[in-house]
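The structure appears right after this line, and notes come after that.
The values are calculated or read from the model by the stated rules, or taken from the named source; none is laboratory data. Model, not experiment: these values are computed from the prediction. Methodologically, a virtual Cβ is constructed for each residue, glycine included, from the backbone with ideal geometry; neighbour enumeration extends over all protein chains shown. We work out accessible area using only protein heavy atoms, side chains counted, and drop any ligands, DNA or RNA first. Shrake-Rupley method; radii C 1.70, N 1.55, O 1.52, S 1.80 Å.
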Amino acid sequence: LLNSFTSLYAGVAVFAMLGHKAHKDGRSVADVVQSGEGLAFVAIPDGLSELPAAGLWCFIFFAMLFALALDSSIAMLESWTTMLRDFGWEGDPNAPAFKRMKWIRRQDALVGSSCAVGCLIS
């Protein structure tokens, strides 16, 4: 229930900002609205720049975007490593490589190698 009201409130705030920009520019809202990342990186920061203490609001907005991106990447990594562990791809604990690395757990090696492969692929 709280999630639905938060989404509704965010939608009203975004479209109020777009309506203000359309009114200020003398265009229709359909001409101002951009789909995709243009909304997050162009229209909303432009609207936030007109508020008092604009630098603070823009910093809070981009800190929120960074936190959302970090949370999404952690969720993707957790689902990937859980799938690998469920299929038994955690590695053989009796393998010589794991016996030499007593300071690292197999799960840490799995997560670290998944991060390294993901970094190389992207």
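Observations on the structure shown:
- Area of E37 that stays accessible when all protein chains are in place (1.4 Å probe, Å², to 10): 130 Å²
- All Cα pairs of the stretch 1-65, percent lying beyond 19 Å: 35 percent
- Computed from backbone phi with θ = phi - 60° and the Karplus coefficients 6.51, -1.76 and 1.60, the 3J(HN,Hα) list for the stretch 114-121 is 5, 5, 5, 5, x, 5, 5, 6 Hz; x is used for glycine and proline.
- Were the residues from I121 through I74 laid out at 0.36 nm apart, the gain over their Cα-Cα distance would be 15.3 nm.
- Accessible area in the full protein assembly, largest first, 1.4 Å probe, for S72, S122, S114: S122, S72, S114
- Computed from backbone phi with θ = phi - 60° and the Karplus coefficients 6.51, -1.76 and 1.60, the 3J(HN,Hα) list for the stretch 5-22 is 5, 5, 5, 5, 4, 5, x, 5, 5, 5, 6, 5, 5, 5, x, 5, 5, 5 Hz; x is used for glycine and proline.
- Difference of contour (0.36 nm per residue) and Cα-Cα distance, A13 to A63: 16.2 nm
- In range of the label at N3: residues from the stretch 59-81 whose backbone nitrogen is under 15 Å from the point 7 Å along Cα→Cβ: 72
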